[in-house]
Amino acid sequence: MPAMAQAASSKIALPTDISSERLITVTAAPTRAKLVAMTFDDGPHPVLTPQLLDILKARRIRATFYVIGRNVARYPDIVKRMVAEGHEIGNHTWRHPFLTQLGSASVLRELDRTSEAVYKAVQRMPVTMRPPYGALSRAQRAMILKQREMPTILWSVDPEDWRRPGAQVVANRILGGARPGAIILSHDIHAPTIKAMPVALDGLIEAGYRFATVSMILGARDWSKLRWRLPREARAKS
Ligand code: NI
């Protein structure tokens, strides 16, 4: 399986502007437009993620999901729904390890297995990655960009929702931190985060913000319209 993943992820054509050297690490987009990217990590969760998708759909908001590969393998239908509703899928590794403790081959294996699971579910590959805990050395970030053409996407707004400070606090932190070009971090595996979203999202809308996926806020092509073709040798094995 790793051989297939490597073939699949090293030969895909990527939007050139998202893989440029200066985009090795991204915490926010350089824009003055009132545009933010909502990002949700660690899912899909079988109950909470569909609830979040309903909330986003009701507001026609497109978000980016940094999914954990083994969750994708368990709940591929939720990933299918994400893509059908215009969301972008990013790579958040297979089992959510501290990547700083792994060698390059293991890091790439974490990413490849995940990209492969996403491809299997929705016939598309993530074009960006986010390291668990935000932990990734500069050398590792450069290695991933070079080997897999995936820039590392961090964030500029962190409501620390995983500490479960309460839905209102999460919403207030998101609203307080929002700036043009902000990349906002949250997790779709915590019930209070889902509960916070209607208030947070409606507040952002009221403040005049519009929403983009990570690729779009960085000026790349609309990820939902990309179509990947696996290399022949990989297709033969799938
Ligand atoms: Ni995470």
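The values are calculated or read from the model by the stated rules, or taken from the named source; none is laboratory data. Bear in mind that the values here come from a model prediction, so they are computed numbers and not experimental data. Positions of Cβ are backbone-derived with ideal geometry, glycine not excepted, and every protein chain shown enters the neighbour counts. All accessible areas refer to the heavy atoms of the entire protein, side chains included, with ligands and DNA or RNA removed. Shrake-Rupley method; radii C 1.70, N 1.55, O 1.52, S 1.80 Å.
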*Cα-based convex hull volume of the stretch 163-229 per residue, rounded to whole Å³*: 112
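Could you give the length gained by full extension between Glu206 and Lys57, i.e. 0.36 nm per residue of separation minus their alpha carbon distance, to one decimal place?
Working: separation 149, 0.36 × 149 = 53.64 nm, distance 1.70 nm.
Extra length available between Glu206 and Lys57 comes to 51.9 nm.
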*On Cα atoms only, tilt of 191-206 relative to the major axis of the chain in degrees*: 70
*asked:* Just to confirm my numbers, what's the Cα centroid distance between the stretch 186-226 and the stretch 149-169 in Å?
replied: 12
*For His187, enumerate residues with amide H under 5 Å from its amide H, sequence gap 5+ or separate chain, H modeled in the peptide plane.*
Asp41
*Length-normalised contact order of the stretch 26-226 in % [C-alpha pairs under 8 Å, at least 6 apart]*: 33
*Which of the peptides 137-145, 76-84, 100-108 is most tightly packed, and how do the rest follow, judged by the mean count of other Cβ atoms within 10 Å per residue?*
76-84, 137-145, 100-108
*Can you list the residues, at least 5 places off or on another chain, whose amide H is less than 5 Å from the amide H of Ile89, using H built in the peptide plane?*
Phe65
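Could you grab the relative contact order for the stretch 69-150? Cα pairs under 8 Å, six or more apart, rounded to a whole percent. It would help to have the intermediate numbers written out before the result.
Working: 101 pairs, mean separation 30.5, N = 82.
Contact order relative to length: 37 percent.
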*Once both labels are modelled 7 Å past Cα along the beta-carbon direction, what's the Gln123-Val47 spacing in nm?*
3.4
*Computed label-point distance, nm, for sites Tyr133 and Arg164 using a 7 Å Cα→Cβ extension*: 2.1
*Where does helix 48-58 land angle-wise versus the long Cα axis of the chain, in degrees 0 to 90, nearest 10?*
60
*Taking the simple approach of a point 7 Å from Cα along Cα-to-Cβ for both Arg179 and Phe98, what is their distance in nm?*
2.9
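Which percent of the accessible area of the stretch 33-162 is formed by carbon and sulfur heavy atoms (probe 1.4 angstrom)? Don't skip to the answer; put the middle values down first.
On the way: 2480 of 4950 Å².
So the carbon and sulfur contribution to the accessible surface is 50 percent.
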*Roll a 1.4 Å probe over the protein chains and send me the accessible area per residue for the chain in Å².*
44
*Could you give me the radius of gyration and the Dmax of the chain, taking only the C-alpha atoms into account and expressing both in angstrom?*
16.6, 51
